[in-house]
Amino acid sequence: MSIPEQIQDHDLLNPNALQENLARSQNALPVLKEALQNAQEKMDERFRSGADIRQLIYGRAWIVDQVLTAAWQLFDWPDEQHIALIAVGGYGRGELHPRSDVDILILVEGIEPESCQDAISGFLTLLWDLSLDIGSSVRTLDECYNEARDDITIATNLIESRTIIGNPELHSVMYDRVTSEGAWTDREFFRAKLKEQRGRHEKTNNTEYNLEPNVKNSPGGLRDLQTIGWVAKRHFGTTFIRDLVDHGFLTETELDTLNRGELYLWTVRYALHMLCNRREDRLLFDHQRTLAEFFGYKDQDSGLAVEQFMNKYYRVAKAMSEFNEMLLQYFYEAILKAGESLAIEPLNNRFQIRNHAIEVTHDKVFEHTPFALMELFVLIAQNPQIKGVRASTIRLLRDHRYLINDEFRNDLRNTSLFMELLRSPEGVSTELKRMNRYGILGRYLPEFGDIIGQMQHDLFHIYTVDAHILKVIQKMRQYRHRDYREQYPIAHRITNQLPKVELLYIAGLYHDIGKGRGGDHSQLGAVDAIEFCERHHLGRWDSQLVAWLVRNHLLMSMTAQRKDISDPEVIHHFARQVGDQLHLDYLYALTIADINATNHNLWNSWRATLMRQLYTETKRTLRRGLESPVNKEDRIEQIQHEAMATMKRQGLDESGILEFWNTLGDDYFLRETAPSIAWHTGAILEHSDPEQPLILIRQTSHRLYEGATEIFVYNRDLPDLFAATVAAMDQLNLNIQDARIIATDNGYSLNTFTVLTDEDEPLSENPEQLDHIASYLAEQLDDPNDYPEIIQRRVPRQLKLFATPTMVRFSNDPVALITIMEVQTADRPGLLARIGRIFVDNQIAVRKAKISSVGERVEDFFFITDEQGQPISEPELCHRLEEQICQQLDQHLQQN
């Protein structure tokens, strides 16, 4: 490898004149330093005038070659057949930026390095005195081989090397040895470079969209392009990236885009070095402004100069990152998968899995069926055996992105596929990021495309708007997993029990999408969110919830951090703004994800405590009677519509469904999901004897209680039904995790219990065991005369010892004419059975109940009346209930 002759510009530095000046001078240092300085000043002037950046980068390497050659010749060296000065690394490629390291190797063979120690020391000292950032090593051929074999960085540097002066045969022998299979096989080298790149990307948060990116080391930076070159050179013997066209890995068009991207990054890096007058590869905020001005950007209504400059940088980095992924996937297939036995698994007429990577079945798939551009990502999310996308399919995706137009965006197949992706149990954030990397997401959602590379000038955000949005969705997905339960207990519980978690993702997708347009980004984003929901055929209530979340996504954090949340008036006002528990849950999950995705240093114990306090106090306030469901009529209408559609597909009669629904209050439809309503309604309409209990059992759909069993009890609303039911479950050694108790207008009760075994394990799916549970409950609950005996029947249970004392609070709802009793205590088996017995002893009727467990603690709300159906007005009765519950529960704990 040598520097092309056209780069050897004697106007910058004349080697003959340099030698003459050195011969006339008794001190070489000022001569060499002046030559370097003059040449660099000329190059900087050419750079400012718009010279070809390649001439400058290669020219800098050639100039340093001349200076090092002249300096080398000032010292007495042994026989030149036994020593050589080698350029390695970027300098070995013939590429040098103004302040880049100058990495050199003094290669010796056949002589002892100590024999020329004085010359080596004097030579290196002179180079340092020239203010060159020298990286040097002195090695024999064996040392080069051994160290390259042990260190991939050294191996890579030596692969990119050339002789400056000395015996070129030494370099040739060294190169052959360090590139031999004995040093690194092709497979080992490729795996090592992949690992190295992953580690480098992790240090920059795995995104090219950091607000202060590193033009060299961030994803999409120069090092990603160099990685392609290193692997190509090692495996294919290519000298330049353009040689990959001959190997079929790049098209001429792609090569042109790749070259233009590299030249742009070179230009930015050259300017950084020149303006900072030191080696600096980070685009720090101050440098961004300086560079924007240097490159001629001006502030405009569409954006500040610095935003325009950085937007271009981010788009170039994104394109380079795409090429890096596509080409490394090609190399992965050619190097690591070569010779593997072929395993093909068909998915449909358009896609198949080839050795764990998805690919199209033919190269006309996207042209003939454009919806496959969206289908691809859904299939990856739904098939965990798929580990990536074949490089040829990535190229076809890139080539057919133009098909995504308004017609595509409004096609029901595509909108349905996108919603199917958002509803996928796994892979949502991964595939959204993949869609963004491949340029699909910004085309499908033009409003998202508009904020790709959009900066955020504040003290908190460390990502661009688009990267932040995708991080928010990633955080939302993470909170669902058990690994995050301890650190984010409330978020974990909420995200696993939201009725439609995809609405949370949509709110996350749109919460900041209005930034950069001027005006209130929350309001602008809400408008976009509504349009998205309408285009994707979401119900009216769902659409209004998403828009509300986008408009109010800062409400909770602002309240928690800027107001006195110990003030009941603040909590009361916030509760009024939120309206109901469901809006509070969605808002909390969005807020926590937003904070954590803004900057990982923002989330600390102080903020966690504030958010937890605001959430729990607001939740308690809502449960005490302030709850006023937002857009209640729309929600009920939508959920009934969804449930009705399900039952019509099952052949049920609409008139019978509506007749039954008319007996149910609004609370039932506000608290149950459409699938559950369809399940309940269908079974009740087919129940032959309305005087007998109906017991339904299935695995719960709530991720929070994953593996738990849901037991639905439909029975006449008899006195003490609740106490008898929970007592019967206690006798079956079932541990109740959640309960919803609802009474109908025609004297029936619809009660849903989520249960585990007494060891908090899922019930067996054995049909015989489930039939036994259903038969036992039906038998126990069919005759109210048996209830007293069932309720008083005690089952010994192994309990843990808890120190948490029980707390009981009462409040009356004057509108609903009901008393609300709140119980906070440690969870334990048989808890509800004990409370139920106390209700029976005091002639208390349970009209509704909201039972929930939070870790090892429960927060239960019972909506109760006296036997006449009136609120409990006697303070003595309230005091007696509180005393008995606390005594029974806490004394029981002490005894065990």
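The values are calculated or read from the model by the stated rules, or taken from the named source; none is laboratory data. All values reported here derive from a predicted model rather than from experimental measurement. Note: ideal-geometry Cβ built from the backbone for every residue, glycine included; neighbour counts use all protein chains shown. Surface accessibility is based on the protein's heavy atoms, side chains included, excluding ligands, DNA and RNA. Shrake-Rupley method; radii C 1.70, N 1.55, O 1.52, S 1.80 Å.
Just checking, how many residues over segment 98-118 are open to solvent by 10 Å² or more (accessible area, probe 1.4 Å) and within 22 Å of THR227 (Cβ to Cβ)? Steps first, answer last, please.
Filtering segment 98-118 down to residues open to solvent by 10 Å² or more (accessible area, probe 1.4 Å) leaves 99-101, 103, 109-115, 117-118.
Subset that is within 22 Å of THR227 (Cβ to Cβ): 100-101, 103.
Here the count works out to 3.
Check ALA816, ALA849, ALA833 and return the single one that is among the aliphatic types (A, V, I, L, M) and assigned to a strand (DSSP E or B). Outline the logic, then answer.
Values: ALA816 fails: assigned to a strand (DSSP E or B); ALA833 fails: assigned to a strand (DSSP E or B).
Of ALA816, ALA849, ALA833, the one residue that is among the aliphatic types (A, V, I, L, M) and assigned to a strand (DSSP E or B) is ALA849.
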For ARG562, indicate whether it is open to solvent by 10 Å² or more (accessible area, probe 1.4 Å), at pLDDT 95 or above and over 24 Å from the mean Cα position of the chain (by Cα).
-> no
Among residues of segment 632-652 being within 19 Å of HIS687 (Cβ to Cβ) and either in a loop (DSSP other than H, G, I, E, B) or charged (D, E, K, R) (or both), the residue most open to solvent (accessible area, probe 1.4 Å) is GLN650
Just a yes or no: is a residue in segment 529-552 open to solvent by 10 Å² or more (accessible area, probe 1.4 Å), touching a Phe, Trp or Tyr at 6+ places or on another chain (Cβ under 6 Å) and in a helix (DSSP H, G or I)?
-> no
What are the pairs, 6+ residues apart or on separate chains, where a residue within segment 653-672 that is in a loop (DSSP other than H, G, I, E, B) has its Cβ under 7 Å from a residue that is open to solvent by 10 Å² or more (accessible area, probe 1.4 Å)?
-> THR663/THR744; THR663/ASP745; THR663/ASN746; LEU664/THR744; GLY665/ASP745
Determine whether ILE386 is under 25 Å from the mean Cα position of the chain (by Cα), outside any helix (DSSP H, G or I) and crowded, with 16+ Cβ neighbours inside 10 Å.
-> yes
Helices (runs of 4 or more DSSP H) lying entirely in segment 714-801 (those with 2 or more residues that are of a type outside the set (Ser, Thr, Tyr) and exposed (fewer than 14 other Cβ atoms within 10 Å of the Cβ)) | 767-781, 787-792
Any residue in segment 493-507 that's touching a residue at least 24 places away in the same chain (Cβ under 8 Å) and of a type in the set (Ser, Thr, Tyr): show its pairings with residues that are assigned to a helix (DSSP H, G or I) and open to solvent by 20 Å² or more (accessible area, probe 1.4 Å) at Cβ separation under 8 Å, as long as the two are six or more apart or on different chains.
-> THR495/VAL501; THR495/ARG703
Which one is modelled with the lowest pLDDT, of the residues in segment 673-713 that are open to solvent by 20 Å² or more (accessible area, probe 1.4 Å), among the charged types (D, E, K, R) and not in a loop (DSSP other than H, G, I, E, B)?
-> ARG703
Of the residues TYR313, TYR332, which single one is touching a strand residue (DSSP E or B) at 6+ places or on another chain (Cβ under 9 Å) and of a type in the set (Phe, Trp, Tyr)?
-> TYR332
Among the residues listed as THR591, THR609, THR616, the single one being in contact with a helix residue (DSSP H, G or I) (Cβ under 6 Å, 6 or more places away or on another chain), of a type outside the set (A, V, I, L, M) and either open to solvent by 30 Å² or more (accessible area, probe 1.4 Å) or within 20 Å of ALA491 (Cβ to Cβ) (or both) | THR591
Could you please tell me which pairs satisfy a Cβ distance under 6 Å, a separation of 6+ or placement on different chains, a first residue in segment 234-260 that is under 20 Å from THR153 (Cα atoms), and a second residue that is among the aliphatic types (A, V, I, L, M)?
-> HIS235/ILE335; THR238/ALA232
Could you check how many residues of segment 348-379 are in contact (Cβ under 8 Å) with a residue 24 or more places away in the chain and open to solvent by 50 Å² or more (accessible area, probe 1.4 Å)?
-> 5
What pairs can you find where one residue is in segment 804-828 and surrounded by fewer than 20 Cβ atoms within 10 Å (Cβ to Cβ), the other is among the small types (Gly, Ala, Ser) and not in a strand (DSSP E or B), and their Cβ atoms are less than 7 Å apart, with a gap of 6+ or different chains?
-> SER811/GLY625; ASP813/GLY625
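Of all residues in segment 874-890 being at pLDDT below 85 and not acidic (Asp, Glu), which is most open to solvent (accessible area, probe 1.4 Å)? Break it down stepwise before answering.
Taking segment 874-890 first, the residues at pLDDT below 85 are 888-890.
Next cut, not acidic (Asp, Glu) only: 888-889.
Values: GLN888: 49, LEU889: 2 Å².
Out of the qualifying residues, it is GLN888.
May I ask you to list the residues in segment 138-176 that are polar (S, T, N, Q), within 30 Å of ASN38 (Cβ to Cβ) and assigned to a strand (DSSP E or B)? Walk me through it before giving the result.
Narrowing segment 138-176 to residues polar (S, T, N, Q): 140, 146, 153, 156-157, 161, 163, 167, 172.
Still in the list and also within 30 Å of ASN38 (Cβ to Cβ): 157, 161, 163.
Across segment 138-176, the qualifying residues are SER161, THR163.
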